[in-house]
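The values are calculated or read from the model by the stated rules, or taken from the named source; none is laboratory data. Treat the numbers as computed from the prediction; the structure is a model and nothing was measured. Cβ placement follows ideal geometry from the backbone for every residue including glycine, while neighbour counts extend to all protein chains displayed.
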Amino acid sequence: MLKEKTVMSTMHSLTRRVPLAGRVALGALFLTLALPAQDVDPPSRVVRLNLMEGSVSMQPAGSDQWVPGVINRPFTIGDSIYADANSRAELHYDAGVIRIGPQTSFNLLNFNDGVAQISLVEGTLNLRVRRLSAEEVFEVDTPNAAITLTSPGDYRIAVNPNDQTSLVVVRGGAVDVTGGDNGVSLQAGQSAQLSGSDYLQYTVGGEPALDSFDQFCGDRNRREQAFHPRYVSADMIGGEDLDENGSWSQQAGVGAVWYPTTVAAGWAPYRYGHWAWIEPWGWTWVDDASWGFAPFHYGRWAFVGGRWGWTPGPITVGVAVRPVYAPALVSFFGGGGFSVSVNLGGGPSLGWVPLGPGEYYTPSYHVSSTYFTKVNVSNTVIEKNVNITNIYNITYVNRGGGAVAAAPPRKFANMQAPNAVTVISQSAMASGQTVSHAGQSLPKQDLARIQTTNTAIVAPAVAPTRAALAVGMGKSNAPHPPAQLTAKPVFAKATPPPPPIPFEKKQQFLASHAGQPFNKQELGASVPKSAAPAVVVRKVSPKAVAAAASNKPAPQAAGKPSPPNAMNAKPATVTTQPKSAPPAPEARKATPTPTPAASKTEPKELAPAKTTPAPAPEFRKVTPTPTPVPAKTEPKEVAPAKTTPAPAPEVRKVTPTPTPAPAKTEPKEAVPAKTTPAPAPEARKVTPTPAPPAAKTEPKQAAPAKATTAKTTKSTSKDKEKKTEEK
């Protein structure tokens with residue numbers, strides 16, 4: 001704590017003595033210092049729903065109802081999203097993008113500054129991760145296994161609930177797959193088909209062919225790659241939408257300003273949209289414009305050059321500044337001194353004004369002094385006469401949050417701008433109504449009174465109703481996944497946080513604390529936890545983690561997918577299969593001696609694969625490698641069978657002929673065929689496709705022991721008969 005105060009105090013004293021450009025550099029530098037993390041702080045990032053095609057639904061955390069998806073809705077811990085048939089959606093976060101295909105359902109188990117944990121029970125995810133540090137975790141939990149991304153890259157993860165399997169495709173990057181007491185690591189160019197729950201089974205292969213969803217994702221990736229951030233950080237969520245929907249201009253005293261291209265007459269920021277209750281921030285602005293995310297959760301607005309323009313925070317001055325997400329960068333008005341004579345028809349009113357460049361933001365939720373500093377200096381250059389530490393103490397510490405915590409007296413640059421101050425009834429805000437319909441601009445005669453009186457507040461004295469969780473609450477359910485799927489357990493390597501508290505259980509607490517900065521810790525201590533979590537989690541065992549660390553199939557050459565490895569049956573794994581190979585030749589040596597004549601009946605026993613025949617199918621299907629070994633030992637084995645001398649030499653000559661075909665498929669797996677029992681199931685799982693051809697050719701060619709031997713034997717016997725007849 002002492003270190004934190006010292007850093008902040010030093011930062012303040014330095015910023016007061018340097019010019020504007022220098023203050024930007026100092027702000028960037030201080031943001032890189034290792035300040036202690038605070039459990040009381042909310043995440044500095046969210047997931048934004050930015051694209052919907054078809055029918056896309058969402059289920060807010062703490063609710064049991066599905067409602068239609070809303071563009072620009074921030075998603076966080078406990079939120080769920082579902083794309084119905086013939087539908088898809090796209091979500092952005094600071095370091096990448098998440099795309100979901102048709103009939104896909106996932107839940108955000110955890111999402112904070114260091115962890116992104118998704119539960120996927122049905123459908124397909126496409127992930128493009130631009131940045132992933134060694135300290136960060138990105139995990140997708142499925143009913144078969146937990147897939148942990150270990151590097152940036154492009155990934156596809158799919159879950160098929162019908163056959164209870166999952167598919168992992170690594171087009172770029174690397175993953176660790178851990179499930180029931182087993183695991184495997186995959187690299188770029190590899191894929192794995194997963195099955196089993198109590199024990200993870202997998203088949204490793206190359207990249208599958210692209211489908212229409214992959215092509216859609218590729219088109220979206222190319223669009224984003226064409227975006228080159230000039231005035232905003234690459235980590236700013238929604239920054240990629242700005243160039244397509246506005247233009248940039250340099251303004252004296254302000255710097256780079258972005259102007260939206262098309263807005264309604266009389267348009268003003270934070271006027272066209274609605275307020276939603278999204279924890280742990282509380283009241284959150286959701287804008288109606290397709291581009292309306294970055295300009296309402298980062299930076300500041302200013303009325304410059306006769307129109308509204310948006311100014312981003314500092315981006316790079318030697319050091320990149322990671323912007324901190326805020327639910328709405330406004331200052332609220334209300335409380336006992338706020339009596340605006342406007343006819344709103346909904347009881348007491350409250351209002352807000354967009355913050356201008358240099359003006360500090362007072363969150364309406366409980367935060368530490370570290371967070372208070374970061375959320376301000378990452379989004380604007382704070383005015384030189386403002387001591388950010390003193391502001392925090394006056395607002396949150398000295399007043400203790402207050403029943404209706406009043407902010408220190410201040411003036412706002414945007415108060416004189418057209419339609420800058422918006423007013424709405426408390427009841428309209430509590431139910432999440434559209435502001436452009438339920439609110440109005442503050443009349444000019446009331447502006448002066450608000451400026452001269454202390455009516456600015458930290459948190460609105462408005463308790464949310466269920467309708468404020470999302471638009472459409474209380475109406476019929478939107479399309480959603482079957483309950484039996486969402487209740488299916490998933491494997492998790494990282495431990496997710498406790499499930500969200502149902503809204504009904506915390507509504508009384510929220511009503512009694514209206515007007516106070518929302519405190520999630522106090523809520524958790526006051527309200528009993530949910531009886532059943534929304535997602536049932538099975539923790540991955542240490543044995544599975546160890547298996548993933550040791551099972552690392554070799555990467556494949558680019559553009560040359562590998563044939564699938566064996567779907568490992570318990571207890572074998574891909575890495576241990578070669579070790580079981582040596583016994584195969586021994587099994588073949590042991591059986592031929594007692595049954596030399598039985599060589600004529602081997603083809604009939606191939607299907608049962610009981611004694612000698614068992615190695616035979618494996619020999620054909622799995623490996624030609626063992627063939628040379630038997631070829632050397634067969635003379636010894638055929639020697640006893642002197643009763644049929646003609647077939648014996650022909651066995652040596654013809655046996656190599658069938659083997660070349662298998663030799664091309666899987667040369668190294670001849671060794672596994674050494675143990676008659678174990679290789680048999682693997683042979684069926686490994687290469688089901690080559691097996692049928694082998695089975696079809698041999699029966700036709702062989703009534704005796706081997707196909708080629710049979711043909712030769714028949715031909716020689718016919719020759720003898722002809723010679724006899726001639727004589």
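Hey, among the residues in the stretch 254-291 that are farther than 22 Å from Ser425 by Cα and among the aromatic types (Phe, Trp, Tyr), which one's farthest from the chain's Cα centre (by Cα)?
Result: Tyr259.
For the stretch 44-70, which residues satisfy the criterion of being assigned to a loop (DSSP other than H, G, I, E, B) and surrounded by fewer than 18 Cβ atoms within 10 Å (Cβ to Cβ)?
Passing the criteria: Gly54, Ser55, Asp64.
If I ask for residues that are at pLDDT 95 or above and polar (S, T, N, Q), which ones from the stretch 183-211 would you list?
Ser185, Gln187, Gln190, Ser191, Gln193, Ser195, Gln201, Thr203
Among the listed residues Val263, Val321, identify the single one that is over 24 Å from Met52 (Cα atoms), aliphatic (A, V, I, L, M) and either at pLDDT 90 or above or not assigned by TED's automatic domain parsing to the domain that holds Ile77 (or both).
It is Val321.
Any idea which of (1) more than 21 Å from Val97 (Cβ to Cβ); (2) under 20 Å from the mean Cα position of the chain (by Cα); (3) surrounded by fewer than 21 Cβ atoms within 10 Å (Cβ to Cβ) is the one Gly205 doesn't satisfy?
So the condition that Gly205 fails would be (2).
Condition test on Ala566, is it touching a Lys or Arg at 6+ places or on another chain (Cβ under 8 Å), at pLDDT below 90, surrounded by 13 or more Cβ atoms within 10 Å (Cβ to Cβ) and not acidic (Asp, Glu)?
Yes; evaluated as a whole, the condition is true for this residue.
Might you let me know whether the stretch 258-277 holds any residue that is of a type in the set (Val, Ile, Thr) and surrounded by 19 or more Cβ atoms within 10 Å (Cβ to Cβ)? If you could, list the steps in order and put the result at the bottom.
Of the stretch 258-277, the ones of a type in the set (Val, Ile, Thr) are 261-263.
Right, trim to surrounded by 19 or more Cβ atoms within 10 Å (Cβ to Cβ) and you get none.
So far as the stretch 258-277 goes, no, none of its residues is of a type in the set (Val, Ile, Thr) and surrounded by 19 or more Cβ atoms within 10 Å (Cβ to Cβ).
Give me the helices (runs of 4 or more DSSP H) completely within the stretch 425-498, filtered to those with at least 1 residues that are closer than 29 Å to Ser55 by Cβ, within 37 Å of the chain's Cα centre (by Cα) and polar (S, T, N, Q), ordered by residue number.
435-438, 483-486
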